[in-house]
Amino acid sequence: IIDEHFPGTRTRIPGDYAVMARNAGEAEFLAIGEGARTWLLEAAAAGTARMNVKMAEAVTLAKIAGTAEVDKALGNAAVHGRFAHPDLASILNANIQRTTAHSADETRSLTQGTGAWAAMGAGPFATPKEQNR
């Protein structure tokens with residue numbers, strides 16, 4: 001085939017397809033960025049089920065965590081073949097920098113403590129005063 005014999009045709013590289021939204025939900029998903037486009041192509045190639053639900057989840061996460069972060073997470077998911085339902089949230093959560101640690105102090109802890117162990121060895125007939133010694 002001689003390309004000059006077919007003017008006006010464009011040669012495409014296999015796998016380089018124009019991704020076009022069919023509805024408003026898909027348009028909102030693709031507006032996230034290049035990571036979203038890559039995720040859509042790879043997920044479709046892998047035969048991923050329930051893609052519309054996962055795309056809607058990504059749009060919701062983008063509103064919460066920011067478009068740039070979700071776009072990066074979608075790109076990572078696409079590269080590593082992670083298309084299951086919790087994968088995007090897991091990747092996004094792994095990228096968050098945690099700066100504070102939460103711990104309960106003695107007044108707010110739900111643990112029982114070790115006070116019950118103080119009676120050990122005092123015997124079954126010991127008075128509470130003797131048990132606390």
- request: Could I have the simple spin-label model distance between His85 and Ala68, label points 7 Å from Cα toward Cβ, reported in nm to one decimal?
  value: 3.2
- request: Express in Å², to the nearest 10, the accessible area of Phe83 obtained by rolling a 1.4 Å probe over the protein heavy atoms while all chains stay in place.
  value: 30
query: Top to bottom by accessible area (1.4 Å), largest first, where do Glu34, Glu4 land?
result: Glu4, Glu34
query: Using the Karplus equation 6.51 cos²θ - 1.76 cosθ + 1.60 (θ = phi - 60°), what ³J(HN,Hα) coupling, rounded to whole Hz, does each residue of segment 37-52 give in order, writing x for Gly and Pro?
result: 4, 5, 4, 4, 5, 5, 5, 5, 5, 7, x, 5, 8, 6, 5, 4
task: Run the 1.4 Å probe and let me know the accessible area of Glu69, rounded to the nearest 10 Å².
output: 80
task: With r as the distance between the Cβ atoms of Asp3 and Ala46 and R0 = 41 Å, compute the FRET efficiency 1/(1 + (r/R0)^6) and round to 0.05.
output: 0.80
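The values are calculated or read from the model by the stated rules, or taken from the named source; none is laboratory data. Computed from a prediction, not measured in an experiment: that's the story for all the values here. Cβ coordinates were reconstructed from backbone atoms using ideal geometry, including for glycine residues, and neighbour counts include every protein chain displayed. In case anyone asks, the SASA skips ligands and DNA or RNA and just uses the protein heavy atoms, side chains included. Shrake-Rupley method; radii C 1.70, N 1.55, O 1.52, S 1.80 Å.
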